[in-house]
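Inspection log for the structure reproduced underneath, given as structure tokens.
Laboratory data are not the source of any read-out in this text; all were calculated from the coordinates shown. Model, not experiment: these values are computed from the prediction. So basically every Cβ, Gly included, is an ideal-geometry build from the backbone, and we count neighbours across all protein chains shown.
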Amino acid sequence: MITPPGIIETKLFTRIWDHFGLSVDDLVALQDLCLVQLKSAPVVPGCAGVRKMRLAPVSAAFGKRSSMRLLFKYFENDDLVVMFLVYPKGAKENITADEKKEIVRAVAAIEAEFSKRFKRKNE
């Protein structure tokens, strides 16, 4: 049996998720979709391998255009998915340069911590 990777959320992700009143069922559906698209969702250019995917939460009250965007990264060596940011499609199409910089810094910090904790060989 294959064990799926672990999934964690940043505080920002959780704060935004809660702000929009999205449900636990929506979160479970999002996690399942994320696991399916680990390597197939489009990579955000200049964002350290972070991927962007679309989701349409059932409990979302955004009207006809109820889709949202998720930014996540699959740390394959560590078998971990980090969900960085979620936002309504209508709010913006792409993240800003400053948001990219913050995410790139976060990715680097996570990779450094894993490297330090697990002292990878061949890296």
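Odds and ends about this structure:
- Remark: segment 96-106, residue by residue, has Karplus-estimated 3J(HN,Hα) of 7, 4, 5, 5, 4, 4, 5, 5, 4, 4, 5 Hz, where x stands for each Gly or Pro and the curve is 6.51 cos²θ - 1.76 cosθ + 1.60 at θ = phi - 60°.
- With Cα atoms, 0 to 90° folded angle of helix 24-36 axis to the chain main axis: 50 degrees
- For segment 1-48: Kirkwood Rh in Å [reciprocal of mean 1/r, alpha carbons]: 12.6 Å
- Net length available on complete extension from PHE75 to VAL28 is 15.0 nm, with 0.36 nm assigned per residue and the Cα-Cα distance removed.
- Efficiency of FRET from Cβ geometry, ALA109 and VAL36, R₀ 35 Å, rounded to 0.05: 0.80
- Which of GLU113, GLU102, GLU93 has the fewest Cβ neighbours within 10 Å, and the rest in rising order: GLU93, GLU113, GLU102
- Ranked list, fewest to most other Cβ atoms within 10 Å of each Cβ, for VAL44, VAL104, VAL28: VAL28, VAL104, VAL44
- Computed [θ] at 222 nm, helices only, for the chain once each DSSP H run of length n ≥ 4 contributes -39500 (n - 2.57): -11500 deg cm²/dmol
- Note that the chain shows a convex hull volume over its alpha carbon atoms of 125 Å³ per residue.
- Segment LYS11-THR96, extension gain: residue separation times 0.36 nm, minus the distance between their alpha carbons: 28.7 nm
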